[in-house]
1. Obtain the nm distance between the two label points defined at residue 326 and residue 191 by a simple spin-label model: each point lies 7 Å from its Cα along the Cα-to-C-beta direction.
2. If the chain between residue 244 and residue 76 were fully stretched, how many nm would it gain, using 0.36 nm times the residue separation less the Cα-Cα distance?
3. If r is the Cβ-Cβ distance from residue 360 to residue 108 and R0 is 45 Å, what FRET efficiency results, to the nearest 0.05?
4. Taking neighbour counts of Cβ atoms within 10 Å as a proxy for exposure, in what order, fewest first, do 276, 96 appear?
Ligand SMILES: [Zn+2]
């Protein structure tokens, strides 16, 4: 995979957050160009020839580009309110609980810090992202647990998984271990239990008739009669209470996301709230707002509101319309956007869409090192300003026959301003 040579967007400024591209920490001092982990062209051709028909969405999830990594054991969950002094990696992006971040670190000094950290049996660091103005650290972050690690040449490969939300302790000192690795003090924010809005005032006579853990909209409908009896003692109609049940919002989200492939979307309220923010096309500010919310219900409510706002995906440089979220689809079991690396070691967070406009093809299709084995790729760039947008993937014998992988660095999500309240839901 490649990008146009004139499209190197790596940052020189050491005060800026680490360039991860949702996966890759770049460093301009690195001259790493090895590609020995990749398949040979013959191996690629053999694989390509063996694939026909509907695409196997398991294939892109293997992330074989990181080579063989050594597994680390552990699953660390902290108590609500625990205060930790830990390393934080400062990034431009976000990863939510349950999702994986593959890191490719190329700076020798920072590699030394992380290796020393891991050698002392530490597994958990914090991912802190840039605030809405990209001028500093956002107050909320995610604890990340390292579960695989390996060295490749002078690079450190790490896979870490998001565990819990946390917030920086107000007034606590931020120490710079390196330009982009900080030592910070954070407080763990545990997920509050999901409860029904009528639970605390339950009438004893109805207690056996009414489920409080409503797991899906079907259960909510089943107990509607008892809810009506119960809610009759209040001035508000029962639908007001229904709208504070997580199942109400799960139903809206699952319905709206059905084109993504229901088999890939979790139905658990908490997991769904994170899946949405990780996969739906939201602006950086919208993602920050969701990260700052306290409960699953609040996240689901805000996400349903974001669903209703018109939004487009535009060239990051000149704002030309490229596509819109209705064209996004799942091409990997990991979801609609995943991290992939090119032979030069640069990892892109890539969103798969079925169609795009205002682009031009650059060069000829190539089948070498394709992130989607079986497909040939061609670079695409903005027809107006030549900004690198991503790649077009084509195949004669696979379904779909063509699609686009848009690099997150090439486009931005533009949305309407939200209303002041949530009345849009009514
Ligand atoms: Zn453009």
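1. Reported label-point gap for residue 326 and residue 191 is 3.2 nm.
2. Between residue 244 and residue 76, full extension yields 57.4 nm more.
3. With a Förster radius of 45 Å, E is 0.70.
4. 96, 276
Quick note: the coordinates plus some simple rules give every number you see, no bench work behind them. All values reported here derive from a predicted model rather than from experimental measurement. Counting neighbours? That spans all protein chains shown, and the Cβs are built from the backbone with ideal geometry, glycine included.
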